[in-house]
Amino acid sequence: RAPTASDASRIDDDAYVDTCDGARALERTAARALADRLFYGGFFALPWLWVLNAWFFAPHARGAPGSDAHIAARARASRALASAAFAAFAAWAVGFYVGGRALVGDAFFERWSATTREGGEL
């Protein structure tokens with residue numbers, strides 16, 4: 001059985017950290033390892049991991065009592081990087097949709113537009 005927040009307070013306050021679900025606590029070393037894996041995993045074209053990291057460790061990013069500084073830094077950085085990745089993707093999508101060939105040129109548009117490819121070219 002996974003430890004709950006009440007178990008964590010009875011055992012050792014420093015051994016466990018809070019997560020977004022509040023009812024379950026995570027061991028500090030495991031939480032730090034998870035925060036690091038999610039943070040670095042986002043750099044491998046998986047920005048969804050940054051969203052998960054920011055959400056899962058939101059209490060630390062908000063500065064809740066007993067927050068771990070390492071986890072808080074990873075959660076805040078993940079939130080910023082996820083926002084930047086979303087903004088870049090949205091700019092690309094709007095640019096292609098609104099500007100099209102006139103904005104990026106014919107050669108670039110033909111190469112990067114998914115709508116101009118034949119069925120088997122993707």
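The values are calculated or read from the model by the stated rules, or taken from the named source; none is laboratory data. All values reported here derive from a predicted model rather than from experimental measurement. A quick note on method: Cβ atoms are made from the backbone with ideal geometry, for glycine too, and the neighbour counts reach across all protein chains shown. Ligands, DNA and RNA are stripped out before the accessible areas are found, and what is left, the full protein with its side chains, is counted by its heavy atoms. Shrake-Rupley method; radii C 1.70, N 1.55, O 1.52, S 1.80 Å.
Please sort by residue number the trypsin sites (Lys or Arg not before Pro) in the range 88-117 whose DSSP state is loop and whose Cβ has at most 15 other Cβ atoms within 10 Å.
Listed in order of number, the matching sites are ARG117.
Counting only residues 5 or more places away or on other chains, whose amide H sits under 5 Å from the amide H of TYR16 once H atoms are built in the peptide plane?
Here the answer is ARG28, since their amide H atoms fall under 5 Å of that of TYR16.
Any idea of SER67's accessible area? Nearest 10 Å², probe 1.4 Å.
40
With a cap of 13 neighbouring Cβ atoms within 10 Å, and only residues DSSP puts in a loop, list the trypsin sites (Lys or Arg not before Pro) found in the range 26-77.
Of the trypsin sites (Lys or Arg not before Pro), the ones in loops of the range 26-77 whose Cβ has at most 13 other Cβ atoms within 10 Å are ARG62.
Taking H placed 1.01 Å from N in the peptide plane, check which residues at least 5 places from ALA25 or on another chain put their amide H under 5 Å from its amide H.
Counting only residues 5 or more places away or on other chains, the set is THR4, ALA5.
Under a crude label model (7 Å from the Cα following the beta-carbon direction), how far is ARG37 from ALA93 in nanometres?
2.9
Count charges around ALA75 for me, please; just the other residues with Cβ under 15 Å from its Cβ, Lys/Arg as +1, Asp/Glu as -1.
Counting the neighbours of ALA75, the net charge comes to +3.
Check each of the GluC sites (Glu not before Pro) in the range 13-122 and keep only those in coil by DSSP with at most 11 other C-beta atoms within 10 angstrom; list them in order.
GLU118, GLU121
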